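Here's the structure we're looking at; comments come further down.
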Amino acid sequence: MLIGELAKVTTTTARALRHYEEAGLISSERAPNGYRVYDERTAVRVRNIRYLLAAGLTLDDVRVFAPCLDGNVAAAAPSAEGLRVAMERLAVLDERIAAQTEARDRLAAALRQATGDLVRPLT
């Protein structure tokens, strides 16, 4: 399957697929004309990569899950390394959420002060 076909069946972009390939998460063969040709099974791998990315993991994090990317990654038993990576990423996300919440609260307070309490907090 050509890159455009793979992009369509996985609802992603050719650019993202090239990025996943550069990261070593998927591979292709080259046709005589230089076009990338992917195995049909690559679609499962790409869907799993996208699933993990949507869960908040990075491409570097996804590498840890490489052994199970060709199956049902959501149903696979987690490895100790996979759990460690996911827990670390969750901690990073929690820190970012806390920082953003603090920034929002400071901005809301400044707006309330500037407008004479016309702006109400969103909480």
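The values are calculated or read from the model by the stated rules, or taken from the named source; none is laboratory data. Remember, it's a predicted structure, so these values are computed and weren't measured experimentally. All Cβ positions, glycine included, derive from the backbone under ideal geometry; neighbour counts span all protein chains shown.
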Within the stretch 19-59, residues being assigned to a helix (DSSP H, G or I) and either under 15 Å from the mean Cα position of the chain (by Cα) or under 30 Å from ASP94 (Cα atoms) (or both) number 16
Can you find a residue in the stretch 43-56 that is under 21 Å from MET1 (Cβ atoms), among the hydroxyl-bearing types (Ser, Thr, Tyr) and modelled with pLDDT of 95 or more?
yes
